[in-house]
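Participant: Here it is: the structure, laid out below.
We did not get these values from a lab; they are worked out from the coordinates using the rules stated. These numbers come from a predicted model, not from an experiment. Counting neighbours? That spans all protein chains shown, and the Cβs are built from the backbone with ideal geometry, glycine included.
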Amino acid sequence: MAFIYTVGEKEELIIESFGKYVKTITAAGLKVKLPWPFQTIAKRVSTEIYQSRDDLRTKTKDDIFVTIPIKMHLQVFDSKKYHYNSNNPDEQVQSRITAAMKQLTSKMDFAELYQARELLSEQVREKVGKEIEDLYGVKIVDVIVDEPQAPAEIQTAYNNVKASEREATAKLNNAEAEKKSAILRAEGRKEELRLDGEGVAEQRSAIFKNYAEQFNKLSAQGLTEEMAQQTILLAMANDTLRDAAKNGNVIITTSNSSDILSQIQTLGKTLAKPLAKPANDGVKPNNKGTSEAKP
């Protein structure tokens, strides 16, 4: 007489006939079994990812006994191996993973364990992953290594060391930032001086050009070169004092401003006098374009 059975999602069935393995049913759904040949369901195997955990007690390279909490995410992918190769495959898988983890952590210092947790997970899978698959039909999906737990005094000492490292790093970062800031300030000052120098040079060029024009005008008005130079020098001295004191600054100089002003006024009176007309000594031009003296 036929009977009906089901296979669930994420589940596989081991079928036997008189204690001998026949097949693995992997497809989910409703199934019908005929009375002959005689077959029975020997095992229902879940293929869902399941978690196993352990608190690994181990000794580090620097002789510190620590406890490392481990979470193992595992998944059956070969139900036949999982069912027939071991009476307790889950225990065997966990034992091999913890043994590999103990071997790896014994080569590390206590401080290294905090930085190497992800690396340990990868190394465990590389070391025993293929072996566990071949023996038990179980795949290591992930190994999560939690924070190592050590005696309180060791933990305190480690935290103090990490705090000192963070403080040293912060000081180094601040020093680097200050160095960069100083370099930027120096470069900015250099650029400022360059631009200031170019501005001063252009200003001087314009001043000298203006003074040259004034010198030519003074000479054209009849002043001697010496008087024109004196006028320009007095004007430059007066301009310098005026520019320096225009913001209310106190100026100490060996020049006598009253004397400079007096000299400028004297030169001004000289410039105000009309130019003398040259005498013709009684010479009168004739109609022929030549000059002749009066009798």
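Participant: So if each residue of separation counts as 0.36 nm, and I subtract the Cα-Cα distance between Lys130 and Gln75, what length gain in nm does that give? Can you show the working numbers first?
Facilitator: Details: separation 55, 0.36 × 55 = 19.80 nm, distance 1.33 nm.
Result: 18.5 nm gained on full extension.
Participant: If packing is taken as the average number of other Cβ atoms within 10 Å across a peptide's residues, how do 131-140, 26-35 rank, most packed first? Show your work: numbers first, answer last.
Facilitator: Values: 131-140: 18.3, 26-35: 10.6.
The packing order, highest mean first, is 131-140, 26-35.
Participant: With the Cα gyration tensor of segment 50-150 giving a ≥ b ≥ c as the square roots of its eigenvalues, does the rule (a/c under 1.5 for rounded; else a/b larger than b/c for prolate; else oblate) give rounded, prolate or oblate? Before the final figure, lay out each step's value.
Facilitator: On the way: a/c = 2.42, a/b = 2.28, b/c = 1.06.
Judged from the Cα gyration tensor, segment 50-150 comes out prolate (a/c at least 1.5, a/b above b/c).
Participant: Just going by the charge dipole of segment 1-96, with Lys and Arg at +1 and Asp and Glu at -1 on Cβ, which of Tyr21, Gln94, Pro37 is farthest out on the positive end?
Facilitator: Comparing the listed Cα positions along the dipole, Pro37 ranks first.
Participant: Hand me the tally of lysine pairs in segment 167-220: alpha carbons under 21 angstrom apart, and the pair either on different chains or 8 or more positions apart.
Facilitator: Numbers: Lys171/Lys179; Lys171/Lys180; Lys179/Lys190; Lys180/Lys190; Lys209/Lys217.
Summing the qualifying lysine pairs gives 5.
Participant: Give the distance, in whole Å, between the Cα centre of segment 204-235 and the Cα centre of segment 22-44.
Facilitator: 121
Participant: Measure off 7 Å from each Cα along the Cα-to-Cβ vector at Phe18 and Asp55, then give the distance between these two points in nanometres to one decimal.
Facilitator: Placing both labels 7 Å beyond Cα along the Cβ direction yields 5.2 nm.
Participant: Does segment 3-46 come out rounded, prolate or oblate by the C-alpha gyration tensor, with a ≥ b ≥ c the root eigenvalues, rounded set by a/c under 1.5 and, if not, prolate when a/b is larger than b/c and oblate if not?
Facilitator: Numbers: a/c = 2.62, a/b = 1.32, b/c = 1.99.
It comes out oblate by the Cα gyration axes.
Participant: In the structure displayed, which of Lys61/Lys81; Lys31/Lys81; Lys107/Lys139 lie more than 30 Å apart, Cα to Cα?
Facilitator: On the way: Lys61/Lys81 37 Å; Lys31/Lys81 23 Å; Lys107/Lys139 26 Å.
The pairs that break the limit, which is 30 Å between Cα atoms, are Lys61/Lys81.
Participant: Have a look at Tyr50, Ser121, Ala150 and report the one farthest towards the positive end of the charge dipole of segment 50-150, computed about the Cα centre with Cβ charges (Lys/Arg +1, Asp/Glu -1).
Facilitator: Result: Tyr50, furthest along the dipole toward the positive end.
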